[in-house]
Amino acid sequence: MPAAVNRIAPKYPRSARRKGHEGRVLVEAEIGVSGEVLRVSVLDSSGHPELDSAAVDAVRSAEFVSAKDGD
């Protein structure tokens with residue numbers, strides 16, 4: 001299974017903070033053999049597009065170490 005090299009922490013959008021929006025976003029990412037992020041999709045939305053977008057952006061900017069055969 002791929003592992004994140006850096007911490008994935010979404011930036012809380014100012015617009016969401018002003019409006020008092022909170023929520024949890026569940027995302028799924030496809031990681032390439034070199035550890036690059038190939039695809040990110042929202043599996044369970046927070047109900048607030050700006051929070052969902054921040055979560056997707058955070059995963060897209062993450063670095064991963066790809067899984068190795070036998071690990």
Residues whose placed amide H lies under 5 Å from that of SER46, excluding near-sequence neighbours = ASP52
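Expected output is a single nm value to one decimal: the length gained when fully extending between LEU43 and ASP57, i.e. 0.36 nm times separation in residues minus the C-alpha distance. What is it? Each step should come with its number before you reach the end.
Details: separation 14, 0.36 × 14 = 5.04 nm, distance 1.46 nm.
Full extension from LEU43 to ASP57 adds 3.6 nm.
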query = Per-residue ellipticity at 222 nm for the chain, helices alone: DSSP H runs ≥ 4 residues times -39500 (n - 2.57), over residue total, nearest 500 deg cm²/dmol?
reply = -7000 deg cm²/dmol
task = Please report the Cα spread of the chain along all three principal axes, rounded to whole Å, starting with the longest.
result = 47, 20, 17
message = What is the angle, in °, between the Cα long axis of helix 49-60 and the longest principal axis of the Cα atoms in the chain? Nearest 10 is fine, range 0 to 90.
response = 20
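Give me the net charge of ILE31's neighbourhood, meaning all other residues with Cβ under 11 Å from the Cβ of ILE31; Lys, Arg count +1, Asp, Glu -1. Mind dumping the intermediate values first?
Working: positive: ARG39; negative: GLU28, GLU30, GLU36, GLU63.
Once all neighbours under 11 Å are counted, the net charge is -3.
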key: Spin-label model distance (nm) - GLU36 vs ARG7, 7 Å beyond Cα toward Cβ   = 2.8
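Quickly rank 40-53, 1-14 as a protection proxy: mean count of other C-beta atoms within 10 Å, highest first.
On the way: 40-53: 15.1, 1-14: 11.9.
Top to bottom by mean Cβ count within 10 Å: 40-53, 1-14.
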message = Suppose every Lys and Arg Cβ carries +1 and every Asp and Glu Cβ carries -1, with no other charges. What dipole size does the stretch 1-69 come out with about its Cα centre, to the nearest 20 debye?
response = 440
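Measuring with a 1.4 Å probe in the full set of protein chains, what accessible area per residue, in whole Å², belongs to the chain?
Details: 5230 Å² over 71 residues.
So the chain comes to 74 Å² accessible per residue, rounded to a whole number.
The values are calculated or read from the model by the stated rules, or taken from the named source; none is laboratory data. Since we're looking at a predicted model, the values are computed, not measured. For neighbour counting, all protein chains shown are included, and Cβ atoms are generated from backbone atoms with ideal geometry for every residue, glycine included. Ligands, DNA and RNA are excluded from the accessible area calculation, which covers all protein heavy atoms including side chains. Shrake-Rupley method; radii C 1.70, N 1.55, O 1.52, S 1.80 Å.
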